[in-house]
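Quick notes on the structure that follows.
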Amino acid sequence: MKFSKVIVAAVLLLTTSVQACIRVHVVQNNHPLFGDGMRVQIWDNDDFYEVQGQGKRGASGDTHWGFQFGAGHYVELWRNGKEGFVALQNGWRADFHLINTDFDKNCVIDSDNGCRVYETIFESCLNDNFGNCGGYTCGLCGGNDCPR
């Protein structure tokens, strides 16, 4: 009887973990004067974990941004936040799938001939495409309106 309880518990654990949907909302800001930054929000199913941000100088689409979240999720992103993966401490890893994206640019330095220097803002929603991810939506805040 004890053995069957262990089997049932193991099956429940496996089936519930397969149904998890890890998703992120990413905003990357490239500013020629103030530097570049990325802000990431992370959810696992209905649980919102936290927001983290980083700053770098001279970031490009090839720049890799790594975030270690307190709940044990490690997220690495590149291509301006449109590609990446999530990994857990137990060795599990999944590539993110791009769900939605947006792009804005703002003139930073104007001239008589038009804008000379732009700030760019990339916004993306990604998920690990597991189990119940189809039940979640990710609304974009619209680049310029996103917290940075």
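Ignoring ligands, DNA and RNA, what accessible area per residue does segment 81-121 give at 1.4 Å, in Å²?
Values: 2670 Å² over 41 residues.
Heavy-atom SASA per residue in segment 81-121 reads 65 Å².
Segment 47-75 and segment 84-148 have Cα centres lying 12 Å from one another. Each Lys and Arg Cβ is given +1 and each Asp and Glu Cβ -1; about its Cα centre, the chain then shows a dipole of about 520 debye. Once the Cβ-Cβ distance of residue 60 and residue 138 is raised to the sixth power relative to R0 = 30 Å, the FRET efficiency obtained is 0.75.
Amide H to amide H, with H built 1.01 Å from N, residue 130 comes under 5 Å of 22, counting only residues 5 or more places away or on other chains.
Here the peptides 124-131, 50-57 are ranked by packing, the mean other Cβ count within 10 Å, and the order with the highest first is 124-131, 50-57. Mean residue ellipticity at 222 nm, helices only, the chain: -4000 deg cm²/dmol; runs of at least 4 DSSP H residues each add -39,500 (n - 2.57), and the sum is divided by the number of residues. Can you tell me the orientation of helix 2-18 relative to the chain, as the angle in degrees between its alpha-carbon axis and the longest Cα principal axis, to the nearest 10? On a 0 to 90 degree scale, this one is about 20.
Here the ratio of the Cα radius of gyration of segment 76-132 to 2.2 N^0.38 Å is 1.66. Applied to segment 90-101, the Karplus parametrisation 6.51 cos²θ - 1.76 cosθ + 1.60 on θ = phi - 60° returns per-residue 3J(HN,Hα) values of 7, x, 5, 8, 9, 6, 7, 10, 6, 9, 7, 8 Hz, with x for Gly and Pro.
Just name one of 78, 89, 59: the one whose Cα is farthest towards the positive end of the charge dipole of the chain (beta-carbon charges, Lys/Arg +1, Asp/Glu -1). So the residue we want is 89. Surface composition of the chain: carbon and sulfur make up 52 percent of the accessible area, probe 1.4 Å. Choose one answer from 46, 102, 36: the residue with the largest mean-square fluctuation in a GNM of the chain with alpha-carbon springs under 10 Å. Taking springs between Cα atoms under 10 Å, the residue moving most is 46. Spin-label model, residue 50 to residue 98: label points 7 Å out along the Cα-to-beta-carbon direction sit 2.8 nm apart. Pairwise Cα distances in the chain exceed 25 Å in 37 percent of cases.
If the chain linking residue 118 and residue 68 were pulled fully straight, counting 0.36 nm for each residue of separation and taking away their Cα-Cα distance, it would gain 15.0 nm.
The values are calculated or read from the model by the stated rules, or taken from the named source; none is laboratory data. Remember, predicted model here, so these are calculated numbers, not experimental data. As a convention, Cβ positions derive from the backbone with ideal geometry for all residues, glycine included, and neighbour counts pool all protein chains shown. Just so you know, the surface numbers come from the protein's heavy atoms only, side chains and all, with ligands and any DNA or RNA stripped out. Shrake-Rupley method; radii C 1.70, N 1.55, O 1.52, S 1.80 Å.
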